[in-house]
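Heads up: the structure comes next, in structure tokens.
Each reported figure results from applying straightforward, stated rules to the coordinates on display, with no laboratory input. On a predicted model such as this, the values are computed, not experimentally measured, just so you know. FYI the Cβ positions are ideal-geometry reconstructions off the backbone, even for glycines, and counts take in every protein chain you see.
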Amino acid sequence: MSAVPILRIENVTKDFQIKRSALSGENLTLRAVNDVSLDVYPGETLGVVGESGCGKSTLGRTILQLTRPTQGRILFDGNDITRLSRKQLKAIRQDIQIIFQDPYSSLNPRMKVRDIIAEPLENFSSDRSAITRRVHEVMEIVKLPVAYADRYPHEFSGGQRQRIGIARAIAIRPRLIVCDEAVSALDVSVQAQILNLLKEIQRETQVALLFISHNLGVVRYLSHRVAVMYLGRVVELASEQALFENPKHPYTSALLSAIPEADYSRRGTRKYLSGDIPSPIDPPPGCPFHQRCEKVQDVCRVETPVLDALAPEHWAACHFPNVSDKGIRDGA
Amino acid sequence: MAAPSTSQTARPGSDFFLRFRRSRNAMIGSVIVAFVVLMALFGPLLTPHDPVKVNVLASWRAPDSTHWMGTDALGRDVFSRIVLGGRVSLIVSMSVLAVTLTIGTVLGMCAAYFGGWVDALVMRTVDIIFAFPELIFAILVAAVLGPGTLTVIIALSMVWWPGIARLTRSLVLGLRHEMFIEAAIVSGTPAHKIMRRHFLPNIVAPLIVRASIGVGFIIMAEATLSFLGIGIQEPEPTWGAMIRDGLSQLRTDPHLALFASLALGITMIGFNLLGDGLRDVLDPKVRN
């Protein structure tokens, strides 16, 4: 892993204004992403996990400038991309691509596979024969028969459609791909194929992946490092191994204990979280997790913990990260 | 390969003609429309008499074997005039459609895609035009510009484009957050190309329906303007003017107004049936 990050997210906050009622004109602020800082290095996969509504997709969308952050900077190759004009942004489009969750709505139903994959290429080149060659090349990479190039998306299965989406994303040889729940809509067996495909592509091209998912198993399989998000904040960030084997944040432990376990001898240690994720419109004071945390103390209700380095390359935002939760596990 | 295609994403076309033939409305409508169009195209070659030739000695003739629908006050052959009047109606309505579909879809797409002040400007203009009753506004424009074929086309275009713009805008708003649009943005596709390649092909079906129903309205409105005398002028025959002229002789020579009204009514029914049928065929939501 090289020391210079390809993408640096610096204190990014994204607020959405919500009209409470048309009459009073009173606005509510929903803080979807709250002061998030992350680095992504060339050739690595950074997993981002969290429950629905924790802001992980919004984070992905701000990286692609599909929505602009309210505060903070996003540096790509050291250049802040949050303040670029439409025209300057176009240059960045060659370097950052996205793979969407829904393989149905992410492909224009009225375009042929060939044209879908060629679209990003056409925006940066006018050499027809080179584009066609590249389209066939990436179709081979994603293991779609070139004979399918003149078909329409509705003729394909979900997994095949996702391959088309991946082909479109890698066609222009981006250096970073945001995978927003890229396999969540697929069958488990198809998920595995797509994950292996992504791994293979990364090995060959050294593309960096920001892999957003609620599925910890999937994230673990693909990621080198993992960030856990809760209520718009990163609560823990560590290498895949450290995070899964030695979680520091009680939220991470709870998430890990919720992974279905086939090995019967390891069952019976499930930690259950009570309550729902708090509303990002009206977040609780102090630690955002305190209402659901088993280790909650008075300080947690008042003071918001910051991300602390607890070990080399391991950060967690918790007042009592080192308190063992062994007792809680065994007692359950 | 058996991909479950949702109704929204399914590409019509494959079974379009099959469903079209099963729809009674669409079939009856298309037969009538085809007849009217063929008559407008080739009718003038076949008409037995010159539609503008005045022959005062032969005026007020009742229908007989030489003049199938009789003659008018100036002795002109009514059948020939109705055939030529159909051509005028179709030219006017096709011109109005061409103008309004172009303006309406472009402005509607821009309003929905860019939002903000573009949206406000376009939609408030639309609201202002909508505030007037359609025909009153068209009459106003026609009165200002003076009578003539071009006037009719301009006046009807001005009242008809806001409907297209509003429909286009709502269709595009529905598509705006489809992920293939975001994928196109992320791919660096410029706005005009997103509209042409991604929005337009996905909204043509409802626009076609709207247009084919609209033809009926436009023909009727043209007839109304001509009826009021601020539309297309003599000696060019139009159904509206023929109905107006025939009204004064309704007691004595009812054929004058009758045949022109029949032509107008049948044509409108034809386009409306075609439009309804197309909607049934193209809109997956009302398909059973």
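With viscosity 0.890 mPa s and temperature 25 °C, the Kirkwood radius over alpha carbon pairs of segment B:23-163 converts through Stokes-Einstein to a diffusion coefficient of 135 µm²/s.
Across the protein assembly as shown, Cα-Cα pairs more than 43 Å apart make up 42 percent of the total.
So how many Lys-Lys pairs in chain A land under 16 Å Cα to Cα, not counting same-chain pairs under 8 apart? Provide the component values of the computation, followed by the final result.
Working: A:LYS14/A:LYS56; A:LYS143/A:LYS199; A:LYS248/A:LYS271; A:LYS248/A:LYS295; A:LYS248/A:LYS326; A:LYS271/A:LYS295; A:LYS271/A:LYS326; A:LYS295/A:LYS326.
Step by step, the pairs that qualify in chain A add up to 8.
First check a/c for chain A, with a ≥ b ≥ c the square roots of the eigenvalues of its C-alpha gyration tensor; if it is under 1.5, answer rounded, and if not, answer prolate when a/b is larger than b/c or oblate otherwise. Please list the in-between numbers first.
Working: a/c = 1.91, a/b = 1.51, b/c = 1.27.
It is prolate, given that a/c is not under 1.5 and a/b is the larger ratio.
Tell me the relative contact order for chain B as a rounded percent, counting alpha carbon contacts under 8 Å between residues six or more apart.
27
Gain in length, A:GLN206 to A:GLU26, computed as 0.36 nm per residue apart minus the alpha-carbon separation, to one decimal in nm?
Working: separation 180, 0.36 × 180 = 64.80 nm, distance 4.83 nm.
Once the chain is fully extended between A:GLN206 and A:GLU26, it gains 60.0 nm.
Within segment A:137-195, none of the GluC sites (Glu not before Pro) combine a DSSP coil assignment with at most 13 other C-beta atoms in a 10 angstrom radius.
Shown in residue order for segment A:145-150 are the 3J(HN,Hα) couplings computed by the Karplus curve 6.51 cos²θ - 1.76 cosθ + 1.60 at θ = phi - 60°: x, 4, 4, 7, 4, 9 Hz (x for Gly and Pro).
Within chain A, what is the longest stretch that has no trypsin sites (Lys or Arg not before Pro) placed in a DSSP loop and near at most 14 other beta-carbon atoms within 10 Å? Don't skip to the end; give the middle numbers.
Working: sites that count: A:ARG20, A:ARG83, A:LYS143, A:ARG267, A:ARG270.
The answer is A:144-266.
Between rounded, prolate and oblate, where does segment A:1-115 land on the alpha carbon gyration tensor, with a ≥ b ≥ c its root eigenvalues, rounded for a/c under 1.5, else prolate if a/b exceeds b/c? Oblate, since a/c reaches 1.5 and b/c is not below a/b. Note on B:LYS53: aspartates and glutamates with a C-alpha under 19 Å away, same-chain residues under 8 apart excluded, are B:ASP64, B:ASP72, B:ASP77, B:GLU234, B:GLU236, B:ASP245. The label point for A:ASP127 and the one for B:ASN55, both projected 7 Å from the Cα toward the Cβ, are 7.4 nm apart.
Under 4 °C and 1.567 mPa s, how fast does segment A:165-276 diffuse according to Stokes-Einstein, given a Kirkwood radius computed over C-alpha pairs? Answer in µm²/s, whole number. If you can, show how the numbers build up before the last one.
Numbers: Rh = 15.6 Å.
Once the numbers are plugged in, D ends up at 83 µm²/s.
Normalised by 2.2 N^0.38 Å, where N is the number of residues, the C-alpha radius of gyration of segment B:145-192 stands at 1.84.
Expressed as a rounded percentage, what relative contact order does chain A have, with Cα pairs under 8 Å and six or more residues apart? All intermediate terms of the calculation are to be shown ahead of the outcome.
Values: 608 pairs, mean separation 64.7, N = 332.
Worked out over chain A, it gives 20 percent.
For chain A, the mean residue ellipticity at 222 nm estimated from helices alone is -9000 deg cm²/dmol, where every DSSP H run of n ≥ 4 contributes -39500 (n - 2.57) and the total is divided by all residues, rounded to the nearest 500.
Taking the Cα centre as origin and putting +1 on Lys and Arg beta-carbons and -1 on Asp and Glu beta-carbons, what dipole magnitude results for the protein assembly as shown, to the nearest 20 debye? Don't skip to the answer; put the middle values down first.
Values: 65 positive and 56 negative charges, 107 e Å.
Dipole size: approximately 520 debye.
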